[in-house]
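These notes concern the structure reproduced below.
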Ligand code: SF4
C-alpha cells in the first residue's frame, strides 16, 4: 500500500455529509465506478455484507446519497449532494441495494456492479478505510495489487510512485528530532513533499484553505443551522447566551471550545461544508480547540497553518498503524485520533518542538483508548457531539500538561500500537454497527423507530 498523504488521508476531505467513511468515501466509490465504466451508468447494484457496518448504516450515515452523487460525477463538497438520489431517478439511473454475505469480508466493503448505456459492465470491490479514504481491492473479479492509478484522480494530492520517505516511522523521526531539532510541521512538510507532487508552498496553501473552511464552519454554526433530518436541535447558541446570565462555571477558553466544537458538528449535521480531520464524525475536535486557543493566545494565521501540519503528521502515524475507521476500531480511531492530532497541534501553536508535540499526542491518545462507536439511530450526532467535546478538552489538557513539563511515560509509537490491539479486540457490536452500547438502549431504539417511520412517510 502507498504511504498516506497528509492532505489526501488525514486533513480533509473538505466535504458535506454526516460521515466521511460512509458519505465521502461513498461519493468517491461512485466516482471510481463511473471512471471504471467510462460511460454514463444506467444501472448500479451495491451489495453489502450483513456482518459489516454499511448494511445497517447505508441510509442513516449517507452512503446511499454519496453513491448516487458519485455515480453522477458530483464532488464530495457539492451543495446538491442531498438531491443526488432524486437526480439519479430523474436521469433514469436505477440503483439497487442488496444485503448478502460474500467472501471478501470487511466491515466497510462495497461490492459494486455497474452497467452503462451501451450495455458495458464493470464489477469491483472497494473498501472505505476511514476519513473518506478508499481502496480498490478487486476489479472484474481479479484482485488489484496497486490501485494508485485508479485512486489518484479522486484525491487532492497526486501521489508519487515509489516515493523516498524522509523517515519511515516515529522512531526514525524521533532520531532526526534528537539530531536536528525543529518543529513537527517542518517534518510534516518534508514528508508531504516527498510522497506527493506538491511543493512546500502548495502544502502551506492547502493548510491555509483548510484553516479558512474550519473557521467558516465555526462561524456558520454559531450563526445558526437548520436541517430537518437530525436528532439534535441547534444548541451552540445556548453557550453564547448562558454566560450573560451568569449560569456557567467560569472556564472561559474551555467554554469557547465547547461552543466551537458544537458549532462545527451542527454544520456537519446540516450538510454544511466541513474539513474531516481526520473524519467527518470527529470534525469538531481539531478546529474547535485549535482556533479558539489560537485566538486566546494571539497566534498568527501562519502559526495556525503550521499547527494543522503538525496535527497531520501525527495522523500519518496513526493511519499507518490503525486507520480511522470506527468500523475497525471504534471511536478511539476517530475522536481519539482527532484528540491526539489536536494535542500535537496545540503544542506546535505554542512554540513547542517536535518531540513535545509527539509527547502531547501520546498523552491525549492514552486517555481515549477503548472508546467505542455506538451512534444513536444511525446518526453521527449522539454521542458523537459529546465525544468531540471530550476529545477537544482532552487535547487542551494534554498540550498544557506537556508544555508544563508533565511526563507522558509511554512513547507515542507504543500508544498507537496499543490502540490497534484494543481495536482488534473490540467486539463488532461496538464498531459502528449500531448493535451495542448506547445504540441499543430503549431510548435509542425508540428514536430509531420514530425516525424510520417518518422516513417511510416521506417516501
Ligand atoms: S461514536 Fe465516534 S466513531 Fe462512532 S459515529 Fe460517533 S463520532 Fe463516529
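Each value in this text was obtained by applying a stated rule to the coordinates, not by laboratory testing. Only a predicted model underlies this, so the values are computations on that prediction, with no experimental measurement involved. Virtual Cβ from ideal backbone geometry, glycine too; neighbours counted across all protein chains shown.
Things to note:
- Cα long-axis angle, helix 184-195 against the chain (0 to 90 degrees, to the nearest 10): 30
- Mean-position separation - Cα centroids, region 154-221 and region 125-152, in angstrom: 23
- Degrees separating the helix 25-37 axis from the principal Cα axis of the chain, which is the longest one: 50
- Gyration tensor (alpha-carbon) shape descriptor, the chain, a/c threshold 1.5: oblate
- Value of [θ]222 nm, deg cm²/dmol, for the chain, DSSP H segments ≥ 4, -39500 (n - 2.57) each, nearest 500: -15500 deg cm²/dmol
- The calculated P(r) of region 238-318, using every Cα pair and 10 Å bins from 0, goes 17, 41, 34, 8, 0 in percent.
- Here the Kirkwood formula puts the hydrodynamic radius of region 270-354 at 13.0 Å, using every distinct Cα pair.
- For the pair region 405-419 and region 1-70, the centres of their Cα atoms are 33 angstrom apart.
- The slack in the chain from residue 158 to residue 452, taken as 0.36 nm per residue of separation less the alpha-carbon distance, amounts to 101.7 nm.
- Taken over region 11-149, the percentage of Cα pairs per 10 Å bin, counting from 0 up to the bin with the maximum distance, is 13, 48, 35, 4.
- Packing-based ranking of 349-359, 42-52 yields 349-359, 42-52, ordered from highest to lowest mean Cβ neighbour count within 10 Å.
- Per residue, the convex hull spanned by the Cα atoms of region 349-438 amounts to 94 cubic angstrom.
- Relative to the longest principal axis of the Cα atoms of the chain, the long axis of helix 384-404 makes an angle of roughly 30 degrees.
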